[in-house]
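Quick note: the coordinates plus some simple rules give every number you see, no bench work behind them. Here the structure is a predicted model, which means the values were calculated and not measured. Cβ placement follows ideal geometry from the backbone for every residue including glycine, while neighbour counts extend to all protein chains displayed.
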Amino acid sequence: MNMGMAMPSWYDITGLDERSNEECRGITESRNTISSILKEEHEKNGLAYNRMVLMGFSQGGALSLFTGLQLEKEQKLAGLVVLSGYLAGSKHFKLTNGLEDTPIFHGHGTADPMVIYAMATKTQQMVQALGVTNYSLKPYQGMQHTVIPEEIQNVAAFLQQVIPEDANSFVRVKDPSEMSVKELKAAIRNAGLGSKAVGLMEKSEFVKLLQEYRNSN
């Protein structure tokens, strides 16, 4: 694909036909990367797996499906969202026992020239044949390889269904006074406050800057 030129990718795409998507070199490594991110969110930030959703478009949707249905049983997610995606790496895919009823929303355009709609229906059939029981495939008439407002609204409704508001599930944001200087500097950079931190030396100064920013936002 792409006349052999390298480009950012979750895995190697050698063609758009079904046979070309059986191997998908690199998809297992990408799955492991995503799995490690989920594990870190759970262990470091205390976010429960049943409050997490994997979602992606095209290749990202394919990876979300490939990863989300092959996690450990104890890592069962709240749901998966596949947008204009498909089942990639079918030769390496094995559904984990206990994840059969993971809610899946698959939105796909009927006029998609890149990942044709037939790939979406074939994906649904394949994973259901393996035991998946909660797979919703939503066609969007005339939509090509993109997303539209109606689809975004459907995704929002799905997310509200699988991860309803729960006051006991909020992740506690670390107070600036409890952070190390390294953590403070990272938080300040992420908040776009780098220029305001120039010349600051003491930890208390970094704490004050971050606290004032949070209080004002």
With the convex hull built on the alpha-carbon atoms of the chain, volume per residue in Å³ sits at 165 Å³
ALA156 to LEU47: FRET efficiency via 1/(1 + (r/R0)^6), r the Cβ-Cβ distance, R0 25 Å, to the nearest 0.05? 0.80
Dividing the helical contributions, -39500 (n - 2.57) per DSSP H run of n ≥ 4, by the residues of the chain yields a 222 nm value, nearest 500 deg cm²/dmol, of -12000 deg cm²/dmol
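Taking neighbour Cβ counts within 10 Å as the exposure measure, how do TYR49, TYR135 sort from fewest upward?
Arranged by neighbour count, lowest to highest, TYR49, TYR135 become TYR49, TYR135.
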Hey, got the Cα dimensions of region 94-152 along the principal axes, in Å, largest first? 36, 20, 13
Run down the aspartates and glutamates and flag those whose C-alpha is under 13 Å from the C-alpha of LYS208, throwing out any fewer than 8 positions away in its chain. ASP175, GLU178
Most fluctuating residue of GLU205, GLU23, GLU151 in a GNM of the chain with Cα springs under 10 Å: which is it? GLU205
Roughly how tilted is helix 203-216, in degrees to the nearest 10 and between 0 and 90, from the longest Cα axis of the chain? 60 degrees
How do MET52, MET114 rank when sorted from fewest to most other Cβ atoms within 10 Å of their own Cβ? MET114, MET52
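Whole-Å semi-axes of region 176-216's equivalent ellipsoid, largest first, each the root of 5 times a Cα gyration tensor eigenvalue?
12, 12, 10
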Quick one: which residues, 5 or more positions from LEU80 or on another chain, have an amide H under 5 Å from its amide H? H modelled 1.01 Å from N in the peptide plane, none for Pro or chain starts. ILE104, PHE105
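Sort SER35, SER64 so the one with the fewest other Cβ atoms within 10 Å of its own Cβ comes first.
SER35, SER64
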Connecting every pair of Cα atoms under 10 Å apart in the chain and solving the GNM, the largest mean-square fluctuation among ASN134, ASN190, ASN97 falls on ASN190
Any aspartates and glutamates with Cα under 15 Å of the LYS73 Cα? List them, leaving off those in the same chain fewer than 8 positions away. GLU100, ASP101
Say we join alpha carbon atoms closer than 10 Å with springs in a Gaussian network model of the chain; which of ALA191, ALA157, ALA120 then has the biggest fluctuation? ALA191
